[in-house]
Every structure is written in C-alpha cells, then in structure tokens.
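Just so you know, all these numbers are worked out from the coordinates, no wet-lab data involved. Predicted, not measured: the structure shown is a model, and the values here were computed from it. Cβ placement follows ideal geometry from the backbone for every residue including glycine, while neighbour counts extend to all protein chains displayed.
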Amino acid sequence: MAAEQPPDLDLLTASLRAEGSDIAAFVEALAVKLEQAMPGAVRVRRERRMLRAPGPVREIAVEAGGMRLTLRRDAADSVQCSASRLSGGIVLKSEAVQLDEWIDALGRALAGEAVRSARARAALERLMIGGGQGD
C-alpha cells in the first residue's frame, strides 16, 4: 500500500492568497475557513458589538505543526502577523512577519499536521476546496 502524499503546498498557499486583495474580506473568509477546518487549533477574536451580531475579526491565532501563527487586523484594515515556535505550549521564539510569509508558514504548518493526522488531512482538504467561503 502506497504512503499518503503530503498535500500540495503551492495549491494551499494559492488558495489562502486568493482573497488577499481585499484585506477585510480575506481575514473574515480565512477565519471562517480555519474555524470550520480545524476547530480545536484555531482561536478567532471578534470585535465586540452591543447588538447580537458578531463584529469583524480582529485576531486569528492558529496552533499547528509546533507553531503559533497570529494575524491581527486593526480598524484601518491593516494586518500585523507573527510566527512563534512552540515547545510543549511554551513560546521559544516569536517574530513579526509579512502577510505573505505568514501565509507560507500557515501552509507549511497545516501541511505538516495533515501528514501526521488523517483528521488534519481532511480538514486541510476542506480548507483547500474553499469550504466556508463567503461569496
């Protein structure tokens, strides 16, 4: 029986970048996709509003493949990204990265998880085919 092939990293990062021209839409769609694909590994913080409707996403944090990847969006729709290396839940090293680097790191971390776990592989496939995309 042949070993499972790792997911196509180029396809994954292209999928993540597809909505990148509109930062607000990109962050909202990414949050939905990641929450649906990997609910235990993703934390999404939304702006609080007085009404019951959820506000815009302000932060996405993903823990996968020994990394914590955090994307923060401010009110002016600019983003700040960071990548932290983890060991036993403890941050060993953290650095600010550009959005493209963050997307690449996210793709690598998710692809690494998919190689180790059938559940993560299924989640990654849902993410790549655009599950949860708000068109």
Is the shape of the range 34-116 best called rounded, prolate or oblate, per the rule: a/c under 1.5 gives rounded, else a/b larger than b/c gives prolate, else oblate, with a ≥ b ≥ c the square roots of the Cα gyration tensor eigenvalues? prolate
Between Q36 and R72, what FRET efficiency comes out of the Förster formula 1/(1 + (r/R0)^6) with R0 = 22 Å and r the beta carbon distance, rounded to 0.05? 0.55
Burial-style ranking of 78-85, 60-67, average other-beta-carbon count within 10 Å with highest first, yields 60-67, 78-85
In nanometres, the difference between 0.36 nm per residue of separation and the alpha-carbon distance of Q98 and D22 is 25.8 nm
